[in-house]
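Read through the structure below, which is laid out as structure tokens, and then see the notes.
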Ligand SMILES: Cc1cc2nc3c(=O)[nH]c(=O)nc-3n(C[C@H](O)[C@H](O)[C@H](O)COP(=O)(O)OP(=O)(O)OC[C@H]3O[C@@H](n4cnc5c(N)ncnc54)[C@H](O)[C@@H]3O)c2cc1C
């Protein structure tokens, strides 16, 4: 059923806890209704598509139109001896979906446990954690093209997944995701590429999918602030890619600096390391700061506006650039 409300405060719809207002807020659990609604709009490009609000920073005090799909449902659509295809509605909570899969021993998303947000947003930045990215399991993404109201289905290749990026992120607001189909495996092979996960699981002689999920949850709970207590949107910045010459400079400063090869002559550098070594770990400026355990996370200590958060982030960008000649790029969607 479609529900259209006016003057809706967005405070509780974003994990940063930023005050903003939607002039019109539209919620529906039905893809056909949403397509009809989009078709009726004079300017569909003005709509902001909102999931769980765990990766947005509202800088403007007002959003003219917010569309919030709450389409539910998780179903197995096909299976073979080895694999299973599962379709989930955009409005399902991402971690509820992971929990559903783990409970049935469907493998592939367990390392992505405890990431906030919705299924509908998981392809947007190709969510990733602990050596897994969602692109490894996404089969198709069902959308409504906002300009026309037509249904368009993307296969994995068409999604153009990349590190914290996709076709949808590059074309924000052009496609409203209504459902995602995943291909998971009935054979569980633990992915312990991430060293911390291996350590966390070292007490288990036989690792089950549930062990893996619990290990991820306990690492995340230790490392990351709970947004119900301290507003944040997870990592504020992406890990930058640097060339070999720059990686050598970093290595001279710290031979232990976390650098991972990505392609010939290019390295992924830890943004957290850069921020910490530029002196920003645990720093607070007014209502905003970096988290004391994880400098990559910018937190709202209470009462911050989106502009204050953005200004603080800009200071970090400038400072890291000045010190290391590397420009950080925000991961969070600034609205
Ligand atoms: C504590 C914390 C930890 C986090 N850890 C991780 C992590 O480990 N890995 C990771 O990748 N991310 C992480 N994140 C970021 C965030 O959880 C993910 O990016 C998540 O996928 C965002 O989902 P959402 O539903 O909250 O999207 P929102 O924040 O509502 O939206 C994010 C973007 O997606 C678009 N969007 C949302 N829904 C739709 C839709 N149905 N159709 C079209 N566009 C849509 C929005 O317009 C916006 O541009 C973390 C965030 C927090 C707060």
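No lab work stands behind these numbers, since they all come straight from the coordinates. If you're wondering where the values come from, they're calculated on a predicted model, not measured in any experiment. Here the Cβ positions follow ideal geometry from the backbone for every residue, glycine too, while neighbour counts run over all protein chains shown.
What the table below lists for this structure:
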quantity	calculated
Most fluctuating residue given options 183, 292, 323, as computed from a GNM of the chain linking Cα atoms under 10 Å	323
For the stretch 26-131, Kirkwood radius (reciprocal of mean inverse C-alpha pair distance, Å)	15.5
Packing-based exposure ordering (other Cβ within 10 Å, fewest first) of 134, 152, 180, 335	152, 335, 134, 180
Separation between Cα centres of the stretch 232-287 and the stretch 1-79, rounded to whole Å	34
Centre separation in Å (Cα based) which lies between the stretch 82-120 and the stretch 153-211	9
Taking the stretch 22-99 and dividing mean pair separation by its residue count, relative contact order in percent (alpha carbons under 8 Å, at least six apart)	33
Candidates 44, 258, 123: whichever shows maximal mean-square fluctuation once the chain is modelled as a Gaussian network with Cα springs under 10 Å	258
Where only C-alpha atoms are counted, convex hull volume of the chain per residue in Å³	140
Relative contact order, percent, the chain [alpha-carbon distance under 8 Å, six or more residues apart]	17
Exposure proxy ranking, count of Cβ atoms within 10 Å, fewest first, for 301, 13	301, 13
